[in-house]
1. So for A:151, A:181, fewest C-beta neighbours within 10 Å to most, what's the order?
2. Between helix A:210-230 and chain A, what is the angle of the helix's C-alpha long axis to the longest principal axis, kept within 0 to 90° and rounded to the nearest 10?
3. With chain B treated as a Gaussian network of Cα nodes joined by springs under 10 Å, which of B:217, B:176, B:275 yields the largest mean-square fluctuation?
4. Mean Kyte-Doolittle hydropathy of 0.5 or higher plus an axial Cα length of 27 Å or more: which whole DSSP H helices in chain B meet both?
5. Give the long-range amide H neighbours of residue B:199: residues separated by 5 or more places, or on another chain, with amide H under 5 Å away, using H modelled in the peptide plane at 1.01 Å from N.
6. Residue A:153's amide H: which non-local residues (gap 5+, or another chain) put their own amide H closer than 5 Å, with H modeled 1.01 Å from N in plane and none for Pro or chain starts?
7. Each residue of segment B:171-177 in order: what ³J(HN,Hα) in whole Hz does its phi give by Karplus 6.51 cos²θ - 1.76 cosθ + 1.60, θ = phi - 60°, with x for Gly and Pro?
8. Taking each residue in A:38-46, count the Cβ atoms of any other chain within 10 Å of its Cβ, then average. What number comes out?
Amino acid sequence: MFYGTDLTNRLMLGTAQYPSPEILRAAISASGAEVITVSLRREGTGGAGFRDILRKSGCRILPNTAGCHSAREAVTTAHMAREVFGTTWIKLEVIGHADTLQPDPFALVEAARILCADGFEVFPYTTEDLILGEKLIEAGCRVLMPWGAPIGSGQGLRNIEGLRTMRAHFRDVPLVIDAGIGAPSQAAQAMEMGFDAILLNTAVAKALDPVAMAEAFARAIAAGKQAHDAGLMPRRDMAQASTPVFGMAELLA
Amino acid sequence: MISVLGSGVAGLCAATALMDAGIAVEVIAPEQAPLPVSHLAGGMLAPFCEGESAPDQIVTRGQASIDWWAAHVEVTRRGTLVVAPPRDTAELDRFAHATRAHRWVTPGDLEPHLEGRFSRGLFFEDEAHLDPKAALATLRDRLMAQGVLFRDGPSKGRTVDCRGISASGKLPDLRGVRGEMLEVYTPEITLSRPVRLLHPRFPCYIVPRGEGQFMIGATMVETTRSGPITARAAMELLSAAYTLHPAFAEAEIVMTGAGLRPSFPDNIPAIHRDGTGFHINGMYRHGFLMAPVLAMEVAGILIQESAHAH
């Protein structure tokens, strides 16, 4: 449950960098995504034509504060997003460094506190740091979005053990892997580990065929979730024959 | 008599193609109208590079525009060079994979001023470029010399509406995609062809205009906000130019510009029928590449219609 909303499809799709709005629309439809994110910092309130196309997708819109470098900027952008899209959902992104696009954890907590107090339902883009996660929850967040790898890098889950620990630590908090996912196998892996959803953009938008890639991701995410729910077998150090040895035909007798 | 509405690249190409086909035209462009956004274009005739994100019909059909332009205005046929900063060379491989009609080169071999700066690049030999302002002026002068009237006021006959974003009242699907650009002057650098610098977040191109003049473009923002270039866009474009060659840091900024690219949802320029008239619109970032192609198509339709009528 993401702030009271249950999602069947656990892919959240970004809407930037597609060859055209028409291809974006087709990608959303092929993926079956129920949530799409959209940026506002650079576009301002003037992108009505593009936003109409997004609205027509029927998806729930999760506006984001991409491109914001301070708590103040992020809060202002969130207010604009609430007005423009009529939603209290906000994907909170406060970037610490324009080059690495690492989240600024200090400004993130500050902005989360202000926005949660103001009635926003905040999806914070964070690292896998446990204390930072706790501070965000203390600030009022009820979803956390740890990164897989730096934005747009396509590196997959760069710190698998750290993410595993985070999953174990925040047992009851919906966790969405946000950023860094480059291949459907990486998304499936995250879902198998028990994460609740995957948010991605570049890997689909910049694929040679974004529509086919969107569908590939949706299937991988569905498979990963199904596998997790079905209960994955534990790893073993030794081979363990799946056919019992006793009772086998003794051919050489 | 056909009334062509608008005197940007789509309008002037339409008027020219119709005159070439022996169809009399007039051009309707209000005196007070703002300068057409095509004056801010890069003027690259780069169908193969555009194939990185554009559908195949742009690549296939756009190729015809190079000969069309060369028959009407001054065109430089020296291809396009594509490079990437060392840490972003993965972008170069992606670009190569997504496009055709290119070969790997050492950039310094083609552009001596880039010697030693990039270890490899992609060369699209069959592409060309032109100077948009000069090209549009040439088309306009040629039409006027042929006796074509440029005037304000209502249209008289059938129309070919090429007014770009101003026609959005008649084309509800049309939206604006903001583009920002700069022109700089530096006598220190010489480039003989457009150079595209790939970057995961802000790809940019630099088009030489000759005599130390360069056009640096262009952002793509989903907004209809007009108004001058933003500081962020200027920083991104200038930092990309600086990455291409540090001497751009000392260049003079001659002008900046921002405009709205008229775009349909599929970002493909298209002809739409409107009663007895036509729209040529949605040029997006393919104005100079696709305007001649669509103009010739409209001229072809009109010739066929008049052949049937006789």
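Please treat every number below as a calculation from the coordinates, not as lab data. Quantities reported herein were computed from a predicted structural model and do not represent experimental measurements. Here Cβ is always computed from backbone atoms with ideal geometry, including for glycine, and neighbour counts include all displayed protein chains.
1. Values: A:151 22, A:181 30.
Ascending number of Cβ neighbours within 10 Å: A:151, A:181.
2. Compared with the principal axis, the helix lies near 60 degrees.
3. B:275
4. On the way: long enough: B:287-309 (32 Å, 1.20).
Long hydrophobic helices here: B:287-309.
5. Counting only residues 5 or more places away or on other chains, the set is B:204.
6. Result for residue A:153 returns A:180.
7. Once rounded to whole Hz, the list reads 10, x, 6, 6, 10, x, 10.
8. Values: counts 1, 2, 1, 1, 9, 6, 6, 3, 10.
Mean number of neighbouring Cβ atoms from other chains: 4.
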